Each structure stands twice: as structure tokens, then as C-alpha cells.
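Report on the following structure.
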Amino acid sequence: MSKPNIILINCDDLGYGDLACYGNQLHRTPAIDRLAQEGLKLTDFYMASPVCSPSRGAMMTGSHPNRIGFQKFGDRHAVLFPGHPWGLNPEEKTIATVLKSAGYTTGMVGKWHCGDQPEFLPTNHGFDSYFGLPYSNDMGRMKHHDRKLPPLPLLLDDDVLEQQPEMESLTERYAAECVRFLRANQEKPFFLYLAHLHTHLPHLVAKRFMEQSQNGEYGAAVEYVDWCVDVILTELDSLGLTDNTIVIFTSDNGSRCND
């Protein structure tokens, strides 16, 4: 029997009750609902931390944040910020490291947030390829924002492909990169990790999702994620990979209360 392909889809700040399959009556999420209907829907599941970097470091390594030095950064930071000298130790084994050693092709698309210095990037943690943002979508230059931060870098592997990319279209670019990865690796076992920028603030979403949302910009962000899931599931169907692919959909730490 061939090794199963694995796709891990991780959202940012998505809440337990934000999906139709968990009872939400405003957000239309048919693709994610399909995963729940055809697979296993968990009603008790916990991440290791309520904030991004510790949660993601723990998910990548299977270790508690304290064990990998991710409980706190410097004197006061709960998460990693641009230019921080800290990150996930390259000596740590990640799920990508383990799967790569087992013969998988490994790719990551989206938000990393486990260190933006070269030695901490995904390509030094078992991923053959990377396309995405090294940290949160609010950690760049934004209108009406008083943080003095460098432009948000969109990375291709270890190189900056673009500075401060348009957020409204980034999920579509992520979806396109996922499709490219699936097509390029359909003949061999693969592990694809997609880490969405939604539903983290600010909610910058493609216009068509804003127009159809029944719950403002937040609902638009949730449905944008669902659209991306549908793109991936449709591509798996088209390539004949559905029956041999494990698709896991989760969120990094649950929803946040914001003013």
C-alpha cells in the first residue's frame, strides 16, 4: 500500500463556532463541512498555546512550548516579531523533518511565525519549498498603524519575492501555489502545510467575498478560507488523489476578542 499524502490546513484565530458544521448560521462553509461529513469531526481538541508562535512551534514539533524555548521571547514578548534573534532551533525535529526522512516531498504555504532569521525559516526545518509570510499579516506597514516595522516580506523559499504584498489577494496566491505543488508531486507521497493568514486582524479580503458575506469582513474572511479549501479538494479529486490523501483542518489557537 502506498504512503498516504498529508495536507495540514491551519487557520489563524479561527474560532470553534465559526464554521457551519459547528453550528454557525451566518458563515457558509460547504468545503469545510464536506471534510466534517466525509471524515472525522473533533469536538474536543486543544492547541498548546493561546497565541501564535508557541502554538505553531508546538504543532510543528509535537512538544510543549516550554520544551522548545517558545514560552516567551525576550523579556516581554509572547510571540515573535520581525527581526527577533530567536526562533525554532534548527536541531528540533518537526513533522516535516520526520516525513521527509520517510520519503515525502514537503512544502509549506502561508504564515510561519517560528522565526524570520535565515536559520529559522521553514527550509531549515524539513520543508523542501516555502511560499508565504514569516509572521502575522499585521506585522508590516499598515495605514493608521503606529508600529515602526519593516515592510512585510513575501518569501519564496529563503528569498524575499515581494515587499508588502496586497493582502486582499494573498489567499488566492496561496491557493494557486498549493495547486502547483499538488500537480508537481502527484506521483509521490507529499506533505503540504497551508497556514492561512485569516482570520487574524486586519481582515483584508477579496471584494467578492465582502459582497456576499452575511457577517461583514469577519464572515468574508471565513468564507475566503472555505473557498481555498474547495480549490484544494477539487484539485485532489481532479488528480485522483482524494482516497489516498489525509486532509486535516484546524486553527492555531482559537478566536481572539478584539475591540
- Item | Anisotropy class of the range 37-142 from Cα gyration tensor, a/c 1.5 cut | rounded
- Note on the structure: Heads up, the range 147-203 by the C-alpha gyration tensor (a ≥ b ≥ c square roots of eigenvalues; a/c under 1.5 rounded, else a/b over b/c prolate, else oblate) looks prolate
- Query: From the list (1) -0.22, -0.82, -1.13; (2) -0.25, -0.90, -1.18; (3) -0.36, -0.94, -1.11, can you say which value of log10 I(q)/I(0) by the Debye sum over Cα atoms at q = 0.07, 0.13, 0.15 Å⁻¹ was derived from the structure given?
  - Reply: (1)
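Averaging sequence separations of C-alpha pairs under 8 Å and six or more residues apart, then dividing by the length of the chain, give the relative contact order as a whole percent. Could the numbers behind the result be given before it?
Working: 490 pairs, mean separation 81.0, N = 259.
Computed over the chain, the figure is 31 percent.
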- Query: Just the accessible area per residue of the chain, please: how many Å² with a 1.4 Å probe?
  - Reply: 48
- Mean separation of Cα pairs under 8 Å and 6+ residues apart, divided by the residue count of the range 38-182: what relative contact order is that in percent? 16
- Putting +1 on Lys and Arg Cβ atoms and -1 on Asp and Glu Cβ atoms, find which of Pro54, Ile32, Val229 reaches farthest to the positive end of the dipole of the chain. Pro54
- Rounded to the nearest 5, what is the percent of antiparallel bridges among the DSSP beta bridges in the chain? 25
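Pop out the carbon and sulfur fraction of the accessible area of the chain as a percent, whole number, probe 1.4 Å. It would help to have the intermediate numbers written out before the result.
Values: 6230 of 12450 Å².
After summing per-atom areas, the C and S share lands at 50 percent.
The values are calculated or read from the model by the stated rules, or taken from the named source; none is laboratory data. Bear in mind that the values here come from a model prediction, so they are computed numbers and not experimental data. In this analysis, Cβ positions are derived from the backbone assuming ideal geometry, glycine residues included, and neighbour counts consider all displayed protein chains. Just the protein is used for accessible areas: all its heavy atoms, side chains included, with ligands, DNA and RNA removed. Shrake-Rupley method; radii C 1.70, N 1.55, O 1.52, S 1.80 Å.
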